[in-house]
Amino acid sequence: MPTILLAAPLLGGPAIAQQSAASLGIDAPDDVLLIGNSYFYYNDSLHNHVRRMVAEGLGVPMGDLKYVSITISGGSLGYHPIDHYLESGNVGADRPFDLVILQGHSAAALSEKRTAAFDEAVDAAAAKIKAAGATPALYMTHAYDEGHKQYDPDNIEKIRALYNEAGARADALVIPVGLAFEEARRRRPDLELQQDYDHSHPTLAGTYLAAATVYASVYGRSPVDLTYDYFGRVDPDTAAFLRQVAQDTVTSFYTN
C-alpha cells in the first residue's frame, strides 16, 4: 500500500474564510445540477461518480438521487443559458434543483479578460440560482500540469484566489478540487492525475479524487470509508489514498 504522508501541512489556508455546506444550509441535496465543460464529462462524467458515492455513503437509493450534468466542450461558464436549465422540465429534471455546481474555464484565472468574464458569469448565475430556490456552489478547477504551455507553479494560487473571492461575493459553497490535486501531487508525485497528452484533462484517478472532494464538501461526510471504486477500475490502494486526500483537503479548507 502506498505511503500516505500526513505529517506535512496541507497547502496554506485560503485568504478568505470559506463557508461549509452546513453553514450555508446545504443539507444532503437529492437534486443536483452540474454546469461546466470537459473537466466534468471525462471518465464517465463526474456526476455519475459523485452520485454513486452519495448512494453508498448516505444509504440513499440511486433512484432517489437526481443528478444532471450539462457541459460545453472547452466552454466558459458564460456560455451556458442558466435560465433555461433552471426551468423545471427543460433538462430532464421533474423536480427543482437543490444545488447547482458551477465550473469555470480552466484558464479563467490566467488573464484579466477571462477573470472578468468568470466573475460576471458567477454573479449572474448565482443570483438566478438563488431566485430559483437553489444554492450555488463553485467547483475550483485544478491547475495545468507540467508540460502544458500555460503551466506555472503559481497558477493554483491564482485559481484559489479567483474561486474564493467569487464564492465569498456570491455567498456560494467553494469546492476545493484544485487544492486536492495539489495535495495528492505533493504526497504522491508518481500518481498521474491528468492526461499525459494534454497535461490538462483528468485521468480516471483525477476524476475519482474530484468526486470524493465534491462528496466531502457538499455532504459533510468523510469519503475515507467508502468502498466505491468504479466497479473495480480504480485499484484499492489508489482509491483509499485519493479518498484520504479529499477528506484532508476539505477539512483544512473549511477550518483555516
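Can you tell me how many residues within the stretch 57-109 are of a type in the set (G, A, S) and touching a Pro at 6+ places or on another chain (Cβ under 9 Å)?
The qualifying residues number 2.
Could you count how many residues in the stretch 131-151 are closer than 16 Å to V174 by Cβ and not in a loop (DSSP other than H, G, I, E, B)?
Here the count works out to 5.
Among the residues in the stretch 132-144, are any open to solvent by 10 Å² or more (accessible area, probe 1.4 Å) and without any contact (Cβ under 8 Å) to a residue 12 or more places away in the chain?
Within the stretch 132-144, none of the residues are open to solvent by 10 Å² or more (accessible area, probe 1.4 Å) and without any contact (Cβ under 8 Å) to a residue 12 or more places away in the chain.
So in the stretch 184-200, with the set limited to residues that are basic (K, R) and open to solvent by 30 Å² or more (accessible area, probe 1.4 Å), which one is nearest to S69 (Cα to Cα)? I'd like the intermediate steps shown before the answer.
The first filter runs over the stretch 184-200 and keeps only residues basic (K, R), leaving 185-188.
If we keep only those that are open to solvent by 30 Å² or more (accessible area, probe 1.4 Å) as well, we get 185-186, 188.
Details: R185: 27, R186: 30, R188: 30 Å.
Among residues in the stretch 184-200 that are basic (K, R) and open to solvent by 30 Å² or more (accessible area, probe 1.4 Å), the one nearest to S69 (Cα to Cα) is R185.
Taking A216 as the residue in question, decide whether it is at pLDDT 95 or above, of a type in the set (G, A, S) and open to solvent by less than 10 Å² (accessible area, probe 1.4 Å). Write out each step before concluding.
Working: at pLDDT 95 or above: yes; of a type in the set (G, A, S): yes; open to solvent by less than 10 Å² (accessible area, probe 1.4 Å): yes.
Spelling it out, A216 is indeed at pLDDT 95 or above, of a type in the set (G, A, S) and open to solvent by less than 10 Å² (accessible area, probe 1.4 Å).
Mind listing whichever residues of the stretch 214-238 are touching a residue at least 24 places away in the same chain (Cβ under 8 Å) and in a loop (DSSP other than H, G, I, E, B)? Give the derivation first.
First, pick out the residues of the stretch 214-238 that are touching a residue at least 24 places away in the same chain (Cβ under 8 Å): 214-223, 226-228, 230, 233-234, 237-238.
If the condition is that a residue be touching a residue at least 24 places away in the same chain (Cβ under 8 Å) and in a loop (DSSP other than H, G, I, E, B), then G220, R221, S222, P223, L226, T227, Y228, Y230, R233, V234 are the ones that fit.
Which residue pairs have Cβ atoms under 6 Å apart, sit 6 or more places apart or on different chains, and have a first residue in the stretch 53-74 that is free of Cβ contacts under 8 Å to residues at least 40 places away in the same chain and a second that is in a helix (DSSP H, G or I) and open to solvent by 60 Å² or more (accessible area, probe 1.4 Å)?
Pairs that qualify, where the first residue is free of Cβ contacts under 8 Å to residues at least 40 places away in the same chain and the partner is in a helix (DSSP H, G or I) and open to solvent by 60 Å² or more (accessible area, probe 1.4 Å), are A55/M62; T71/Y41; I72/Y79.
For the stretch 201-213, how many residues are more than 23 Å from V60 (Cα to Cα) and either without any contact (Cβ under 8 Å) to a residue 60 or more places away in the chain or open to solvent by 10 Å² or more (accessible area, probe 1.4 Å) (or both)?
4
Please count how many residues of the stretch 161-186 are under 25 Å from A127 (Cβ atoms) and of a type outside the set (V, I, T).
Taking the stretch 161-186 and keeping what is under 25 Å from A127 (Cβ atoms), we get 161-178.
From what's left, of a type outside the set (V, I, T): 161-173, 176, 178.
Count: 15.
Can you pull out the residues in the stretch 158-178 that are under 21 Å from T207 (Cα atoms) and open to solvent by 10 Å² or more (accessible area, probe 1.4 Å)?
Taking the stretch 158-178 and keeping what is under 21 Å from T207 (Cα atoms), we get 159-160, 163, 173-178.
If the condition is that a residue be under 21 Å from T207 (Cα atoms) and open to solvent by 10 Å² or more (accessible area, probe 1.4 Å), then R160 is the only one that fits.
For the stretch 184-207, what are the residues that are closer than 27 Å to P29 by Cβ and touching a strand residue (DSSP E or B) at 6+ places or on another chain (Cβ under 9 Å)?
We begin by selecting, within the stretch 184-207, every residue closer than 27 Å to P29 by Cβ; these are 184, 193, 201-202, 204-207.
L193, H201, P202, G206 - these are the residues of the stretch 184-207 that are closer than 27 Å to P29 by Cβ and touching a strand residue (DSSP E or B) at 6+ places or on another chain (Cβ under 9 Å).
Output the residue which, of all residues in the stretch 193-213 that are assigned to a helix (DSSP H, G or I), out of contact with any Pro (no Cβ under 6 Å at 6 or more places or on another chain) and among the small types (G, A, S), is farthest from F253 (Cα to Cα).
Filtering the stretch 193-213 down to residues assigned to a helix (DSSP H, G or I) leaves 204-213.
Narrowing the set further to residues that are out of contact with any Pro (no Cβ under 6 Å at 6 or more places or on another chain) leaves 204-211, 213.
Still in the running and among the small types (G, A, S): 205-206, 210-211.
Numbers: A205: 21, G206: 19, A210: 15, A211: 16 Å.
Looking at the filtered set, the residue picked out is A205.
When the residues of the stretch 78-111 are narrowed to those that are open to solvent by less than 30 Å² (accessible area, probe 1.4 Å) and in a helix (DSSP H, G or I), which ends up farthest from D154 (Cα to Cα)? Don't jump to the end; show me each part of the working.
Let us first name the residues in the stretch 78-111 that are open to solvent by less than 30 Å² (accessible area, probe 1.4 Å), namely 80, 82, 85, 93, 97, 99-104, 106-109.
With the extra rule that they be in a helix (DSSP H, G or I), the set shrinks to 82, 85.
Numbers: I82: 31, Y85: 35 Å.
Among them, the one singled out is Y85.
The values are calculated or read from the model by the stated rules, or taken from the named source; none is laboratory data. These numbers were taken from a predicted model, which means no experiment stands behind them. Positions of Cβ are backbone-derived with ideal geometry, glycine not excepted, and every protein chain shown enters the neighbour counts. For accessibility, only protein heavy atoms count, side chains too; no ligands or nucleic acids. Shrake-Rupley method; radii C 1.70, N 1.55, O 1.52, S 1.80 Å.
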